[in-house]
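To start, the structure under review is shown below, and the notes come after it.
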Amino acid sequence: MRRHDLGLKGALGLLTLAGCPPDDVVIVSASDTDTSTSTSGGEPTSEDGPPTSSTGEPDATATGGPEFDGVIAPTLRIYRPLDGAEIEASRDPLLDHESLTIVASGVTYPAVYAEAEGRLEFADVPKAMYSLRAQQPAAPDLPDLPGRLSVIQSVARELESFAGICSGRPDVAFTGDLDTALAISAGEMLPLGPEDQFEFYSYNADALFLVFPDLDEMDATGSPQLDETEIVDWTIPWRPDSGRGAWPLVDTAEGDDFWLGHLVATPLVPAPTGAELQDPWSFAQRYVLGETAKLSLPTMTAGATTAVSGTFKAVAGETVSVDLRAGEFMAELQIYDAALKSAGCFVAAVLEPGAEHPITGITPNLGGINVYGIDAPVDPECVGMDCETMFVTPGDRVLELELGNPYSEDGTETLIVQCSRYVFVDDPDGGAYDYLASDLIVQGRLADLTQAPIVPKIGLVRDLAVNGTPVAPDEKLDGVGENPTISFTAPKFGAPDFYTITIRTLDDVMGADGPVVRRAIGSIRTEFTTVTIPDGFLEPGGHYYVQVTAERSHGLTEAHAKSHDVWLSRAMTGVLTP
């Protein structure tokens, strides 16, 4: 039988919330350039009706002066360093973007950082719908390509996108130097298994890096091999994820913690037989944070290899029951006419920063289970290549989820359930195949979600069309132009706070660390169900597809969720060419 393993084993639930600014902040108290005049728009059409959010009018009386004529965006953030008092700090978001502008009715309004007020100001923006365009700089590993372009369509007079609460300290140093690396040595490790993974984590520096051992005996990086019980000078390029939008440099002299977690993998069902061979759960993999090493290191230096060392210690584990109604997830993912040929789910426990509500930061993995659909023999007694097969999706199951948490007690143990459906398409670059994806995601406090069956909370958008033409995931639509109109209707269940239209390219590019595929080139966040893609996204000759996310979590322009309950769905089009 064949498992449809499409890379979910690396997606144990990494969650990066809205980014906090990096170093060079202005400290106020203890306790995301240029002024481009591009006129590209992308305002929604009027037929959709007005958005439902408030206008966010600033209170002139509360600010102690006359009302500002335009749009403002506070930049003051609260940082929560490890074992320290909260720090309020402000930073000019223009330092972190190629450009930040508002476009309204074809006119571009540049951002100005008002340091004394701790905010961005977009003067003279009319009281009407506008588009905030945030152009990121080029990614370090893709220096020859533009960074992501994010657009928010709003009428709010005050944007909260650049404010919020952040985990860690405010003055972390960052790098984009591709030569920055770690040389890790760690002893007293559990014997390495074939599906094991490692994860570097620092709360204070806001860094998380999931690493896969290279089990090739010809490996020249020093990667540990099967059954080995120590790591000796394993050299790893430093490419962490961060809510700060860059690669943090850990500095223990500034109080940074640094951990190496060993995610130990075992089969959910050790030796399936008989009817179990027709059940995808019989081939699921279980991961648990079985041990961690608290690492010692000098201050990390950009462009250099830093020696890191530690000793693994076992993590006390616990087991919780998760009643996953996977059949309901699969039913919603089957709204498309295309045959369901590949699907999977992962259930992950992570430590989310923030107690009363999520705050901006990365989330280390504590444990998880991955399952994929299988091509199973119709006759469970049949063995060999000549057996008639059927595609079987994961069904309902009560899972015994193992997790370990050696980290700070200040965070919230959070459960993420994601079920995904894939459609195979021709690779435009001549490879064997490529694939498109749609998802359903439910996230909440572990203690809450384990009290009742877990079902989808928000459905996929319906009637998804490009220039009025439905484009099923297994179909292709050529000639959509560089500014196609994306339209859809609301999900059949769930009430989204907003929608995000993400444009992804299928054209492979060569990055500094190898080929990069299916990358997102930008997104548009809106409350409307009809959106015209503005300039800056699609180019002639390109191959794209669009995902439409319906999200229930927080307001359109807010920095992060006000509750640990986050519900998402992501629908997909087929392949599009301008």
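Quick look at the numbers
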| quantity | calculated |
| --- | --- |
| Residues (open to solvent by less than 10 Å² (accessible area, probe 1.4 Å) and more than 15 Å from Ser161 (Cβ to Cβ)) located in the range 88-114 | Ala89, Val103, Ala104 |
| Residue match in the range 281-289 (condition: under 23 Å from Glu195 (Cβ atoms), modelled with pLDDT of 95 or more and charged (D, E, K, R)) | yes |
| Thr45 vs. criteria modelled with pLDDT under 95, open to solvent by 40 Å² or more (accessible area, probe 1.4 Å), within 30 Å of Pro140 (Cβ to Cβ) and within 31 Å of the chain's Cα centre (by Cα) | no |
| Matching option when the condition is open to solvent by less than 10 Å² (accessible area, probe 1.4 Å) and either more than 18 Å from Ser185 (Cα to Cα) or among the aliphatic types (A, V, I, L, M) (or both), among Ala307, Ala293, Ala246 | Ala293 |
| Unmet requirement for Arg518, which otherwise passes all of (1) among the charged types (D, E, K, R); (2) within 20 Å of the chain's Cα centre (by Cα); (3) within 30 Å of Thr75 (Cα to Cα) | (3) |
| Test: residue in the range 103-111 that is more than 26 Å from the chain's Cα centre (by Cα), on the phi > 0 side of the Ramachandran plot and assigned to a loop (DSSP other than H, G, I, E, B) | yes |
| Listing of strands (runs of 3 or more DSSP E) fully contained in the range 186-302 that carry 1 or more residues being out of contact with any Pro (no Cβ under 8 Å at 6 or more places or on another chain) and of a type outside the set (S, T, N, Q) | 207-211, 231-237, 247-249, 259-267, 285-294 |
| Criterion (surrounded by 17 or more Cβ atoms within 10 Å (Cβ to Cβ), in a loop (DSSP other than H, G, I, E, B) and either at pLDDT 95 or above or more than 18 Å from the chain's Cα centre (by Cα) (or both)) met by exactly one of Pro137, Pro143 | Pro137 |
| Which numbered condition Gly193 misses (of (1) under 30 Å from Asn365 (Cβ atoms); (2) open to solvent by 40 Å² or more (accessible area, probe 1.4 Å)) | (2) |
| Among the candidates Val566, Val546, Val466, residue that is farther than 30 Å from Ala73 by Cβ and of a type in the set (Val, Ile, Thr) | Val466 |
| Count - residues of the range 421-465 that are over 15 Å from Val566 (Cα atoms) and in contact with a Cys (Cβ under 6 Å, 6 or more places away or on another chain) | 0 |
| Residue that is most open to solvent (accessible area, probe 1.4 Å), among those in the range 503-535 that are farther than 27 Å from Asp179 by Cβ and in a loop (DSSP other than H, G, I, E, B) | Asp535 |
| Any hit, the range 219-241, residues being at pLDDT 95 or above, within 29 Å of the chain's Cα centre (by Cα) and among the small types (Gly, Ala, Ser) | yes |
| Selection from the range 356-365 of residues that are over 13 Å from Gly164 (Cα atoms), in a loop (DSSP other than H, G, I, E, B) and open to solvent by less than 10 Å² (accessible area, probe 1.4 Å) | Ile362, Thr363, Pro364 |
| Residues of the range 477-502 satisfying the condition of being among the small types (Gly, Ala, Ser) and surrounded by fewer than 20 Cβ atoms within 10 Å (Cβ to Cβ) | Gly479, Gly481, Ala490, Gly494, Ala495 |
| Condition met for Ala186 (more than 30 Å from Asp69 (Cβ to Cβ), over 26 Å from the mean Cα position of the chain (by Cα) and either buried (at least 21 other Cβ atoms within 10 Å of the Cβ) or at pLDDT below 95 (or both)) | yes |
| The range 451-469 - residue that is open to solvent by 40 Å² or more (accessible area, probe 1.4 Å) and touching a strand residue (DSSP E or B) at 6+ places or on another chain (Cβ under 8 Å) and, of those, farthest from Arg519 (Cα to Cα) | Ala452 |
| Qualifying residue in the range 337-355 (condition: surrounded by fewer than 20 Cβ atoms within 10 Å (Cβ to Cβ), at pLDDT 95 or above and among the charged types (D, E, K, R)) | no |
| Enumeration of residues in the range 536-573 that are touching a Ser or Thr at 6+ places or on another chain (Cβ under 7 Å), of a type in the set (A, V, I, L, M) and either part of a strand (DSSP E or B) or over 17 Å from Ile458 (Cβ atoms) (or both) | Val546, Ala550, Ala559, Val566, Leu568, Ala571, Met572 |
| When residues of the range 203-217 are limited to those that are more than 18 Å from the chain's Cα centre (by Cα) and not hydrophobic (A, V, I, L, M, F, W, C), the one farthest from Ser242 (Cα to Cα) | Glu217 |
| Residues of the range 418-443 classified as of a type in the set (A, V, I, L, M, F, W, C) and either in contact with a helix residue (DSSP H, G or I) (Cβ under 8 Å, 6 or more places away or on another chain) or not in a strand (DSSP E or B) (or both), total | 4 |
| Selection status of Ala348, on the phi < 0 side of the Ramachandran plot and in a loop (DSSP other than H, G, I, E, B) | no |
| Neighbours by Cβ (under 8 Å, 6+ apart or cross-chain): first from the range 175-199, under 17 Å from Ala512 (Cα atoms); second open to solvent by 40 Å² or more (accessible area, probe 1.4 Å) and acidic (Asp, Glu) | Leu178/Asp141; Leu178/Asp513 |
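One line per residue, one yes/no per condition, for (1) surrounded by fewer than 24 Cβ atoms within 10 Å (Cβ to Cβ); (2) β-branched (Val, Ile, Thr); (3) within 29 Å of Phe198 (Cβ to Cβ):
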site	(1), (2), (3)
Asp375	yes, no, no
Thr389	yes, yes, no
Asn405	yes, no, yes
Cys419	no, no, yes
Val423	yes, yes, no
Asp439	yes, no, yes
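The values are calculated or read from the model by the stated rules, or taken from the named source; none is laboratory data. Please read all numbers here as calculations on a predicted model, not as lab measurements. Cβ sites come from the backbone with ideal geometry, for glycine too, and all protein chains shown count toward neighbours. The accessibility values were calculated without ligands, DNA or RNA, using every heavy atom of the protein model including side chains. Shrake-Rupley method; radii C 1.70, N 1.55, O 1.52, S 1.80 Å.
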